[in-house]
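*Asks:* Structure in structure tokens, see below.
The values are calculated or read from the model by the stated rules, or taken from the named source; none is laboratory data. The structure presented is a predicted model; accordingly, all values stated were derived computationally and were not measured. All Cβ positions, glycine included, derive from the backbone under ideal geometry; neighbour counts span all protein chains shown. Accessible surface is based on the protein model in full, side chains and every heavy atom, while ligands, DNA and RNA are left aside. Shrake-Rupley method; radii C 1.70, N 1.55, O 1.52, S 1.80 Å.
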Amino acid sequence: MTDDTEGVAVLGAGTMGRGIAHAAAVVGHDVTMRDVDESVLDEAAAAVDGTISGAIERGKLDADAADAARDRVRTTTDLGDCADATVVIEAVPEDLDLKTSVLGEAEAVLNGDALLTSNTSSLPVTELAASLDEPGRFCGLHFFNPAYVMGLVEVVTAEQTAEGAREHAVGFVESLRKEAVVVRDAPGFASSRLGVTLGAEAMRMLETGAAKTADIDAAMELGYRHPMGPLQLSDVVGLDVRLDILEHLREDLGERFRPPEVLRRKVRAGHLGRKSGRGFYVWEDDEAVRPVDGE
């Protein structure tokens, strides 16, 4: 693990970008969150301030450490402000063309030694790397939501990823006090492929009336010691994200990853889980208060 302070640029200030910024700042890294939308950056800054305050309440940080972490986070719409970063984490939505565009723009302004990464949960990192002039310094860094809490980060190596980039990525993850799991680029990596498989089967059970939402989740929580059931976890991840991952896996691996119709219906209705206030559960203040099928 490296003890060096990194200059971290997070490209995209949505839910994942904000969580990653928090995780990096509280351990001492200087963080620049970049987004094209100033209003999103204002929301992100307020969100990071809020989650850092929450860390004080949970006894994870004292007031002085929290103030120092807040001071390490800045926001910008100018990609040039990220030029001196040593670790760059792209965290824009799961769209291959968008990610390719953002990574290409970032590569054009970065110094040559910077580690360039994507927080994709399912897109092929080898294809993303192929769009770059220096693909050897690129890999995937798949954080889990909420990134400032979850202890796992998948380091996804592209075919082009150089050994030095892999080592830099692992060292950076360990500097965040998280566990790095190194996987080769494959459809769904390890976690997304297994996670959506369990979630999709739970949705099919719900569709066929095998059990109700709360009972399906309780079976995995109590019977297999999962901290959260697969339907509630799907709400936390985002049902639109789960749908996108399943569609990608279906293209690569076949019909066993066909998205359940209940998932499609909820996404069409805008019921995306925790972030929209409704999915398989009704959410209030980021807490699941009751299952929808129990209303």
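*Asks:* Going by the conditions given, is LEU222 of a type outside the set (Phe, Trp, Tyr), in contact with a Ser or Thr (Cβ under 8 Å, 6 or more places away or on another chain) and not assigned by the TED database to the domain that holds THR126? It would help to see each step written out before you state the result.
*Replies:* Values: of a type outside the set (Phe, Trp, Tyr): yes; in contact with a Ser or Thr (Cβ under 8 Å, 6 or more places away or on another chain): no; not assigned by the TED database to the domain that holds THR126: yes.
So LEU222 does not fit the description; no.
*Asks:* Between a first residue in segment 68-86 that is assigned by the TED database to the domain that holds GLU107 and within 26 Å of VAL170 (Cβ to Cβ) and a second residue that is open to solvent by 40 Å² or more (accessible area, probe 1.4 Å) and outside any loop (DSSP other than H, G, I, E, B), which pairs have beta carbons less than 6 Å apart while being 6 or more apart in sequence or on different chains?
*Replies:* ARG72/ASP30; ALA83/VAL109
*Asks:* Filter segment 63-82 for residues that are farther than 30 Å from GLU107 by Cβ and in contact with a helix residue (DSSP H, G or I) (Cβ under 7 Å, 6 or more places away or on another chain) and give the result.
*Replies:* Restricting attention to segment 63-82, the residues satisfying the condition of being farther than 30 Å from GLU107 by Cβ are 63-68.
Across segment 63-82, the qualifying residues are ALA63, ALA66.
*Asks:* I would also like to ask the following. With respect to ALA24, is the statement that it is buried (at least 23 other Cβ atoms within 10 Å of the Cβ) and closer than 25 Å to ASP285 by Cα true?
*Replies:* Here the answer is yes, as ALA24 does meet what is asked.
*Asks:* (1) open to solvent by 10 Å² or more (accessible area, probe 1.4 Å); (2) touching a residue at least 24 places away in the same chain (Cβ under 8 Å); (3) not aliphatic (A, V, I, L, M): which one isn't true of CYS139, the others all being true?
*Replies:* Answer for CYS139: the failing condition is (1).
*Asks:* Before we move on, is VAL181 at negative phi and crowded, with 22+ Cβ neighbours inside 10 Å?
*Replies:* no
*Asks:* Those residues that are under 13 Å from GLY199 (Cα atoms), of a type in the set (Val, Ile, Thr) and at pLDDT 95 or above, I need them from segment 237-276; list them, please.
*Replies:* Residue satisfying the conditions is VAL262 alone.
*Asks:* Restricting attention to segment 51-64, which residues are assigned to a helix (DSSP H, G or I) and either in the same structural domain as ASP286 (by the TED database) or open to solvent by 40 Å² or more (accessible area, probe 1.4 Å) (or both)?
*Replies:* Listed by number, the residues that qualify are ILE56, GLU57, ALA63, ASP64.
*Asks:* VAL36 - would you say it is within 24 Å of VAL109 (Cβ to Cβ) and either open to solvent by less than 40 Å² (accessible area, probe 1.4 Å) or outside any helix (DSSP H, G or I) (or both)?
*Replies:* On the way: within 24 Å of VAL109 (Cβ to Cβ): yes; either open to solvent by less than 40 Å² (accessible area, probe 1.4 Å) or outside any helix (DSSP H, G or I) (or both): yes.
Yes, satisfied.
*Asks:* Just checking, which of GLY171, GLY199 is assigned to a helix (DSSP H, G or I) and surrounded by fewer than 21 Cβ atoms within 10 Å (Cβ to Cβ)? First the steps, then the outcome.
*Replies:* Numbers: GLY199 fails: surrounded by fewer than 21 Cβ atoms within 10 Å (Cβ to Cβ).
Residue meeting the stated conditions: GLY171.
*Asks:* So ALA69 ticks every box in (1) closer than 20 Å to ALA44 by Cα; (2) part of a loop (DSSP other than H, G, I, E, B); (3) open to solvent by less than 10 Å² (accessible area, probe 1.4 Å) but one. Which box is left unticked?
*Replies:* (2)
*Asks:* Here is a further query. Grab the helices (runs of 4 or more DSSP H) fully contained in segment 221-268, keeping just those with 3 or more residues being aliphatic (A, V, I, L, M), open to solvent by less than 60 Å² (accessible area, probe 1.4 Å) and closer than 15 Å to SER122 by Cα.
*Replies:* By residue number, 239-253.
*Asks:* Then there's this: For GLY188, work out the one condition from (1) at pLDDT 95 or above; (2) crowded, with 18+ Cβ neighbours inside 10 Å; (3) of a type in the set (Gly, Ala, Ser) it doesn't fulfil.
*Replies:* Here GLY188 meets the rest and fails (1).
*Asks:* Checking the structure you have, find out if any residue of segment 41-50 is β-branched (Val, Ile, Thr) and either under 27 Å from LEU249 (Cα atoms) or open to solvent by 30 Å² or more (accessible area, probe 1.4 Å) (or both).
*Replies:* no
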